[in-house]
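Scroll down for the structure; my scribbles are underneath it.
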Amino acid sequence: MPSDAQFAALTEQFRPELLAHCYRILGSIHDAEDLVQETYMRAWRAFGGFEGRSSVRRWLYKIATMACLTALQTRSRRPLPSGLGAPEDDHRVAVAPREPSAGWLQPAPDSLFGLGTLDPAAIVAGRTGVRLAFIAALQLLSARQRAVLTLRDVLGFRTAEVAEILDTTIAAVDSALRRARARLAEAGPVEDGLTEPDEGTMRTLLDGYVDAFTRADPDALVNLLRLDVELEMPPTPTWFTGRRAVVGFLADRVLRRGLWRLTPTRANGQPAFVVHRHAGDGRYEPYGVQVLTLVGSHIARITAFNDPSLVPTFGRTPTPTPTSTPAP
């Protein structure tokens, strides 16, 4: 058996990218963390028999990928509301009941993937591979197609290496890759957020968004949102499209002065906020995570993951203290 120090020296550097890989396949950061932990336990037990015929990195990817495929045999895909039905363009419609047991796609903090420590080119590539639109599109594929496409197109493994990782043939890899690419093409473009504004414009945009929520000012949101902006709020299946519908919904059912506190963060290579809600007794309690998709100088999509269990994944964010009592 290797010592813990020997094993860690050879394998720990790959943990963030293995976590991103498992997240792409599973669509859940919680499940991905569990599977990466399982990967390292399996690798440590098997390390004495590792003969070095492949790189340590590829060997770890083989263990992680097979663990993910085994896990997906008993788990369904994780969609967003936009992957289940058509949007509403009238904010006055009845909103469907929350479905917390449906197994929704989850956001993932950039910090877990080590994106802040990479060089600029690597950061761009890393963010592209975990963007929400891309992860959601992967959920349209079969488990094996997700594995093949991420190994080949995202991570850049050669076809022969992918075949070795998956214990299959080169012909089978090529076939699965063609089907996966065709299915994604049918689903439409998934790179809608790559034309983000420069840092200064982004900061002004995000500050304006926080201010509008804090002051409960829907009119201030109008100039921040694209005309075709979309809003989805898992675990609520109902979602909205169009600035009139989105602003109307937020004005009527969400925005209340002093009710929300938004703490900036990064998720899926995109600007995001950890959200706390006034608890009514002088405290703010975790509510969820909002991820924004920016195109140019406007917000193109708001994905509000209204799930308090996601908040601890984003680390220790300061718990806000109320400055006023929320308006009724």
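Side notes on the structure shown:
- Among the chymotrypsin sites (Phe, Trp or Tyr not before Pro) in segment 217-318, none is located in a DSSP loop while being surrounded by at most 12 other Cβ atoms within 10 Å of its own Cβ.
- Potential lengthening between SER297 and ALA220 on full extension [0.36 nm per residue; Cα-Cα distance subtracted]: 26.2 nm
- Computed from Cα positions, the angle between helix 15-26 and the longest principal axis of the chain comes to roughly 70 degrees.
- Considering only beta bridges that DSSP places wholly inside the chain, some 85 percent are antiparallel.
- Fewest neighbouring Cβ atoms within 10 Å first, the residues TYR40, TYR23 line up as TYR40, TYR23.
- A straight chain from ALA94 to SER55 at 0.36 nm per residue would run longer than the Cα-Cα distance by 8.6 nm.
- For segment 151-189 and segment 249-308, distance of Cα centres in Å: 36 Å
- A simple spin-label model places the labels of ARG158 and HIS30 4.1 nm from each other, with each point 7 Å out along Cα-to-Cβ.
- Cβ charges +1 (Lys, Arg) and -1 (Asp, Glu), total dipole of the chain, debye: 480 debye
- Relative to the longest principal axis of the Cα atoms of the chain, the long axis of helix 243-253 makes an angle of roughly 70 degrees.
- Cβ-based charge dipole, segment 175-307, positive-most Cα from GLY188, ALA251, GLN270: GLY188
- Working note: Karplus 6.51/-1.76/1.60 with θ = phi - 60° gives segment 78-88 the couplings 10, x, 9, x, 5, x, 10, x, 6, x, 9 Hz, where Gly and Pro are set to x.
Taken together, the values in this text are just the output of simple stated rules run on the coordinates, not laboratory data. Predicted model only: the values in this text are computed from it and were never measured. We place every Cβ from the backbone using ideal geometry, glycine too, and count neighbours over all the protein chains shown.
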